[in-house]
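To start, the structure under review is shown below, and the notes come after it.
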Amino acid sequence: MTYQDAQARLLAYVQDRIHNGEVTERRLARQIGISQPHVHNVLKGVRSLSPEIFDSLLAQFQLSLLDLAPIEDLQDSLRRRHALEQAADVAFLAGLVGPGNGWITVIDRKHHFPLPFPSTTSPPGLVMAHLTNDPAMAATLAGADIALLDTSEPQRADLVPDGVYVVSRGHEAVLRYIRPGWRKYYLPTDANLDQPVAWYNIRVSKQELFEMIKARVRWLGRERNRSLPMRQRGRFLYDAISM
């Protein structure tokens, strides 16, 4: 439905209300704040229907643009949107990720979540994970309780400044940034990102670091938002198409 279609449907609706005696041109003009001749000319097509008058008429008759669309158009639109948002499910890790929780590779095949991008299959290396609260990464998490993790070797080896990685440190796997240093690597957090002196450091080789990096965080969201449209369930931390 085009804007012109919507205008024509709205004018036809108003004319029907007037012809049925439910409202008069004079009363309608007074209610929307324009002159009666102006209303008459708009309804007859002599004057164009401005966006302001269009909105005033919608408000006066308690209508929305959706009310002007044929039901068939709405159904077709919903079917197209549903088709575009079809996505395969991704299984969750059996364990939690975050402070106090070690890295667990076991997959819980009974617990899954739809991919946050259209795809009929789940690309290799992707898993969902439940996150525990981590005050040090509060800004990045922003209330997220699940994450889509990319465990593939290329993404684990691709260290970028804005990347967030799952790093297995001791007996826990946490979300951290990674910065290279002289014979060491640093693990900044949101809390100390601007304070390099406070960064936690580890003296490991590049290969050892690679083994510590279990995944790169691709997407963060909330499990309770599962039924929302795809774009409203969470947010990507890097380009969804760059997979």
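Yes/no per residue for (1) buried (at least 18 other Cβ atoms within 10 Å of the Cβ); (2) farther than 15 Å from Val164 by Cα:
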| residue | (1), (2) |
| --- | --- |
| Gly100 | no, yes |
| Ile104 | no, yes |
| Lys110 | no, yes |
| Pro118 | no, yes |
| Thr121 | no, yes |
| Val127 | yes, yes |
| His130 | yes, yes |
| Asp134 | yes, no |
| Ile146 | yes, no |
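How many residues, within region 25-60, are touching a helix residue (DSSP H, G or I) at 6+ places or on another chain (Cβ under 7 Å) and among the polar types (S, T, N, Q)?
Number of matching residues: 5.
Of all residues in region 28-49, count the ones that are at pLDDT 90 or above and either assigned to a loop (DSSP other than H, G, I, E, B) or surrounded by fewer than 13 Cβ atoms within 10 Å (Cβ to Cβ) (or both).
4
Listed here are the residues, each with its yes/no results for (1) more than 22 Å from the chain's Cα centre (by Cα); (2) within 14 Å of Pro99 (Cα to Cα).
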{"site": "Thr132", "(1), (2)": "no, yes"}
{"site": "Ala136", "(1), (2)": "yes, yes"}
{"site": "Asp150", "(1), (2)": "no, no"}
{"site": "Glu153", "(1), (2)": "yes, no"}
{"site": "Gly163", "(1), (2)": "no, no"}
{"site": "Leu175", "(1), (2)": "no, yes"}
{"site": "Pro180", "(1), (2)": "yes, no"}
{"site": "Tyr186", "(1), (2)": "yes, no"}
{"site": "Ala191", "(1), (2)": "yes, no"}
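Tally up the residues in region 164-183 that are modelled with pLDDT under 95 and in contact with a Lys or Arg (Cβ under 7 Å, 6 or more places away or on another chain), please.
The qualifying residues number 1.
Examine region 54-69 for a residue that is modelled with pLDDT under 85 and under 30 Å from Leu149 (Cα atoms), and state whether such a residue exists.
no
Suppose we filter region 105-124 for residues that are touching a strand residue (DSSP E or B) at 6+ places or on another chain (Cβ under 7 Å) and touching a residue at least 40 places away in the same chain (Cβ under 8 Å); how many remain?
Total meeting the criteria: 5.
Working carefully through the options Ser77, Ser122, find the one that is small (Gly, Ala, Ser), at pLDDT below 95 and either over 25 Å from the mean Cα position of the chain (by Cα) or not in a loop (DSSP other than H, G, I, E, B) (or both).
Ser77
The values are calculated or read from the model by the stated rules, or taken from the named source; none is laboratory data. Quick caveat: nothing in here was measured; it's all calculated off a predicted structure. Neighbour counts run over all protein chains shown; Cβ positions are idealised from the backbone, glycine included.
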